[in-house]
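Remarks on the structure that follows.
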Amino acid sequence: MKVLGLVNQKGGVGKTTTAINLAAYLAAGGRKVLLLDMDPQGNATSGLGLRGAEVGLYEALEDPARAAECIRPTDQPGLDILPATPDLAGAGVELADDPDALSRLLATLSDYDLILVDAPPSLGPLTVNVLAAADALLIPLQAEYYALEGLAGLMETVERVQGGLNPRLKVLGVVLTMFDGRTNLAQEVETMVRQHFGDLVFWSVIPRNVRLSEAPSFSKPINAFAPLSSGAAAYKRLAEEVMSRVEKI
């Protein structure tokens, strides 16, 4: 079992969209996948049609023995979710001095090939728990300059975690999202990212796509909502590229 954290302290970069659609395509490839919604906003939960869950990740963090009763199946074969509930908003305070809470929970789960964790858009205690528990990180990066500036700070945090909390932590890769190849800005950002981070940057690029934006309102991943769209094709390629890297960890 490998644990993959999706992190970026900047909001609006396509992190949850990537978590949902990557998880769906990995499951469609025949793997048993669990998605943990670690973001109190609960967008991954609602995006997979699990609004109003009574128990979820917060309760499982409090008592890992309850994890099985908190996990919910989704409409996607092979994909389960540990949903966010309103109580998760308070976990940031409770976990401030407990960076290993998620690690203890994950130690009770053995039925999955892959666990994906959608971290909140911050570097607070919830995200620190993700960094401490993950085997590797996938970093969605919007093709614009402010997002690029934030990436440098995130990489510094990762290095500090590697030096203490989680020496085995790796960066699986950076994926460019919301990419509009018609603009000079997007092309310039891509060039800068590839020059600076080299092979860490996935060749798969996620385009701006109306169907990707529409899918959450129907509580479906893109492979179920618009499987022939350019967004679907991009996430399918990304899933294949992610698996080729995960297998080397």
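The values are calculated or read from the model by the stated rules, or taken from the named source; none is laboratory data. This one's a predicted model, so the numbers in the text were calculated from it and none came from an experiment. For neighbour counting, all protein chains shown are included, and Cβ atoms are generated from backbone atoms with ideal geometry for every residue, glycine included. Note: areas computed on protein heavy atoms with side chains; ligands, DNA, RNA excluded. Shrake-Rupley method; radii C 1.70, N 1.55, O 1.52, S 1.80 Å.
Residues in the stretch 206-214 include at least one that is touching a Ser or Thr at 6+ places or on another chain (Cβ under 8 Å) and in a loop (DSSP other than H, G, I, E, B). Return a yes/no flag: does the stretch 85-101 have any residue that is under 28 Å from K236 (Cβ atoms) and either touching a Ser or Thr at 6+ places or on another chain (Cβ under 6 Å) or open to solvent by 10 Å² or more (accessible area, probe 1.4 Å) (or both). The answer is no; no qualifying residue exists. For the stretch 172-193, a residue qualifies if it is under 19 Å from A134 (Cβ atoms) and either touching a residue at least 40 places away in the same chain (Cβ under 8 Å) or open to solvent by 30 Å² or more (accessible area, probe 1.4 Å) (or both), and the qualifying residues are L172, G173, V175. Scanning the stretch 133-147 for residues that are more than 18 Å from the chain's Cα centre (by Cα) and assigned to a helix (DSSP H, G or I) gives Y145, Y146.
Comparison of R168, R245, R160 shows that the only residue that is open to solvent by 30 Å² or more (accessible area, probe 1.4 Å) and within 16 Å of the chain's Cα centre (by Cα) is R245.
For the stretch 30-83, filtered to residues that are among the acidic types (D, E) and in contact with a Pro (Cβ under 6 Å, 6 or more places away or on another chain), the residue that is farthest from K220 (Cα to Cα) is D39. Count of the stretch 6-21 residues, restricted to those that are in contact with a helix residue (DSSP H, G or I) (Cβ under 8 Å, 6 or more places away or on another chain) and part of a helix (DSSP H, G or I), is 6. Taken together, L228, L185 contain a single residue that is part of a loop (DSSP other than H, G, I, E, B) and out of contact with any Leu (no Cβ under 9 Å at 6 or more places or on another chain), which is L228. All of L116, L137, L154, L169 fail the test of being out of contact with any Leu (no Cβ under 7 Å at 6 or more places or on another chain) and at negative phi, apart from L154. Residues that are of a type in the set (G, A, S) and under 20 Å from P121 (Cβ atoms) do occur in the stretch 169-176. Among the residues here, P207 does not qualify as more than 16 Å from the chain's Cα centre (by Cα), over 24 Å from G42 (Cβ atoms) and free of Cβ contacts under 8 Å to residues at least 12 places away in the same chain.
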